[in-house]
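Okay, so here's the structure we're looking at.
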Amino acid sequence: MYSQQELDDAIAAGVISAQAADALRAHVESQRSTAIPDEEQFRLLTGFNDIFVSIAAAILLFAVGWIGQSFGQATGLFITEDGTTGPSFLAPLAVAATSWALALYFTARRRMALPSILLLLSFVGGVLVTTGFLLAQVIGPDRFNDQNQLLGAMVGAVSAAVAAGAAWLHWRRFRVPITVAAGAAAVAGLFIAVVLGIVQPVTGPATERLILSLLLVLGIGVFLFAMRWDGSDRARLTRRSDVAFWLHLLAAPMIVHPVFTLLGLNDGTANLGEGLIVILLYVAIGIAALAIDRRALLVSALAYVLWALAELFKQFGAVELNIALTALVIGSALLLLSAFWHQARSAIVRPLPENVRNRLPILDRTAIATQPAA
């Protein structure tokens with residue numbers, strides 16, 4: 001089966017017209033019981049060769065990093081406070097450079113999905129770690145301690161900023177959808193590092209609450225950014241939808257984890273009231289997921305609701321079967337929701353004001369053919 005991205009590439013190359021591509025999409029969609037937007041498509045595999053190349057690339061990157069670290073140790077490029085050789089910036093630098101070189105073929109020419117994701121993550125991560133290690137070497141490892149939190153925060157901020165720039169360069173060259181999410185994560189890390197560097201809180205619960213609060217605010221920002229991408233392709237026919245998918249996948253844990261943690265709902269114990277709060281929050285999250293037609297929110301909060309239900313069943317005396325009963329309830333509910341996803345979306349979205357509906361993925365499958373294919 002051809003992916004949406006491959007159809008877009010065929011249109012750009014002049015192989016088929018946009019009208020023919022729209023007709024093909026409409027025909028394929030008519031054979032299904034759900035609309036194309038509700039399928040929430042994104043490319044992860046184009047074939048088993050994706051897995052094969054990804055494994056080979058991971059092995060190669062591991063070897064390159066090991067060789068870089070060995071060379072750094074041999075040349076003494078990174079000496080720690082006690083005089084021993086520490087991690088060298090040559091290892092992540094070699095990984096980042098190799099990832100870019102491999103992407104020139106497997107991403108730019110072969111358009112392979114899974115290897116492109118792997119190479120993007122290794123490139124941005126390599127740039128991030130390279131910058132941090134290099135700055136630490138220039139400044140001096142002995143200057144990083146508990147009394148100099150500002151220095152560590154600033155190194156983290158600069159590293160995140162450089163990583164965000166690297167993600168932007170990668171996007172400009174290769175246009176891999178996950179790149180925008182990687183850049184957003186780097187920007188979020190930059191913001192948190194700057195705030196912590198300015199505030200310099202004492203390590204403890206106060207610092208944890210501050211980080212969780214910042215993470216929640218940034219998660220909401222990433223979510224709104226994802227909705228902007230979603231709103232530009234309501235029929236989900238172009239790579240903009242793939243970009244939004246990865247942004248939602250990033251935003252979901254950034255929102256869900258701080259909410260549950262700040263409410264004290266994951267402290268290892270749960271009474272009846274807390275368990276009910278978790279379930280009610282999950283229902284609210286499910287309604288939001290249906291409205292925006294993204295399942296990432298449901299998946300991110302799944303661990304919390306599983307834990308809450310298991311604790312509730314235990315309190316009601318089903319100690320031996322609490323895990324089985326929890327899996328039965330949640331599994332059945334999610335399968336039913338998946339089977340009737342479009343109908344449930346209709347029930348949630350249709351009563352909304354028209355200006356709100358116009359910002360959400362379309363419900364009317366006949367409107368798909370009128371969406372631009374660029």
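The values are calculated or read from the model by the stated rules, or taken from the named source; none is laboratory data. All values derive from a computational prediction rather than experimental measurement. Cβ sites come from the backbone with ideal geometry, for glycine too, and all protein chains shown count toward neighbours. Each accessible area value is taken on the protein alone, full model and side chains, heavy atoms only, with ligands, DNA and RNA left out. Shrake-Rupley method; radii C 1.70, N 1.55, O 1.52, S 1.80 Å.
Remarks
- When the surface is traced with a 1.4 Å probe over the full set of protein chains, W168 keeps roughly 150 Å² accessible.
- Gain in span if fully extended, A288 to A23, counting 0.36 nm per residue against the direct Cα distance: 92.3 nm
- Phi-based couplings in Hz for the stretch 90-102 (Karplus 6.51, -1.76, 1.60; Gly and Pro marked x): 5, 5, x, 5, 5, 5, 5, 5, 5, 4, 5, 4, 5
- V299/N355 FRET efficiency (R0 25 Å; Cβ-Cβ; nearest 0.05): 0.30
- Gain in span if fully extended, I139 to A108, counting 0.36 nm per residue against the direct Cα distance: 7.4 nm
- If you plug the beta carbon distance of I51 and L334 into 1/(1 + (r/R0)^6) with R0 = 25 Å, you get a FRET efficiency near 0.40.
- Spin-label model, A324/I67: points 7 Å from Cα along the beta carbon direction are separated by 5.5 nm.
- Distance between modelled label sites at A10 and A97, nm, 7 Å Cα→Cβ extension: 4.1 nm
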